[in-house]
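Notes for the one structure printed next.
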Amino acid sequence: MAASSPSLRFKLILLGDFGVGKTTFFHRIRTGHFLEEVHTLGQPMSVCEKIVPLRHSRSHPQAQVSLWDTAGEERFLSLSSCYYRNADAALLVYNLNSLLSFDSLSHWLYVTRQYCMDADIFLLGNKSDLENHVPEEKAEKFAAEHGASGRFRVSAKTGENVERCLQEMVERLFLKQEIQRSSLHAPLQEAGYYSHCGC
Ligand SMILES: Nc1nc2c(ncn2[C@@H]2O[C@H](COP(=O)(O)OP(=O)(O)OP(=O)(O)O)[C@@H](O)[C@H]2O)c(=O)[nH]1
Ligand SMILES: [Mg+2]
């Protein structure tokens, strides 16, 4: 496969209360830098394309990721349907320094289930450089109860764990897709749908 044309694509959307750091995280992924002055409102919805190498795959050396950030409309509960459409994963972001933002996750989970019910859920506790006001057990329980595919603590400000978190999420999405593919093919093979001729 040509390294420049990965056929594997994942759409990741950022969701969470205003001020939790979605745009800062988005910018950190896009540029590798901390965005000092963030102005989400009035900006168009943003999409960043990123190539992520896959460490455990022989078939696909890399995946193309589209990371979507809101234009701040979430505070008016008016995100457009194209934002959610075909999302492979919803990154539910909260501020580790604010229990209130964590408590809002059930709302964002509900929204995700409504508009993109097949999307995987990842919990992102942002602002790990600040004091943690969200007990780990609480976050762990929420993740387990709602079948989250992963939970990460990151700092979009310092960059701590941001790249690793993206890498892990994409690896997990890829593995899940592989498992789904193989379980889909196995019954067909057993039923003799595939010919064994080598042509
Ligand atoms: N200390 C700290 N501050 C952060 C971090 N990430 C973002 N911030 C700050 O938090 C504030 C809000 O960040 P945004 O990225 O605008 O948050 P948002 O979720 O995009 O907010 P809206 O688009 O308004 O919904 C800004 O002042 C950021 O500089 C972080 O990891 N640590
Ligand atoms: Mg924003």
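The values are calculated or read from the model by the stated rules, or taken from the named source; none is laboratory data. As the structure is a prediction and not an experimental result, all values here were calculated from the model. Counting neighbours? That spans all protein chains shown, and the Cβs are built from the backbone with ideal geometry, glycine included.
Among the residues that make up region 175-184, is at least one of them surrounded by 14 or more Cβ atoms within 10 Å (Cβ to Cβ), at pLDDT below 95 and touching a His at 6+ places or on another chain (Cβ under 8 Å)? Yes. Scanning region 17-40 for residues that are under 15 Å from residue 67 (Cβ atoms), near ligand 1 (Cβ under 7 Å from one of its atoms) and out of contact with any Ser or Thr (no Cβ under 7 Å at 6 or more places or on another chain) gives 21, 24, 25.
Taken over region 135-162, the residue count meeting the criterion of being surrounded by 13 or more Cβ atoms within 10 Å (Cβ to Cβ), within 15 Å of the chain's Cα centre (by Cα) and either in a loop (DSSP other than H, G, I, E, B) or in contact (Cβ under 8 Å) with a residue 24 or more places away in the chain (or both) is 10.
In the set 79, 67, only one residue is within 16 Å of ligand 1 (Cβ to nearest atom) and within 20 Å of residue 174 (Cβ to Cβ); that residue is 67. One residue stands out among those in region 79-104 that are part of a helix (DSSP H, G or I) and polar (S, T, N, Q): the one that is modelled with the lowest pLDDT, which is 81. I need every pair where a residue in region 21-50 that is modelled with pLDDT under 85 has its Cβ under 8 Å from the Cβ of a residue that is among the β-branched types (Val, Ile, Thr), sequence separation at least 6 or different chains. Pairs found: 38/23; 38/24; 40/23; 40/70; 45/70.
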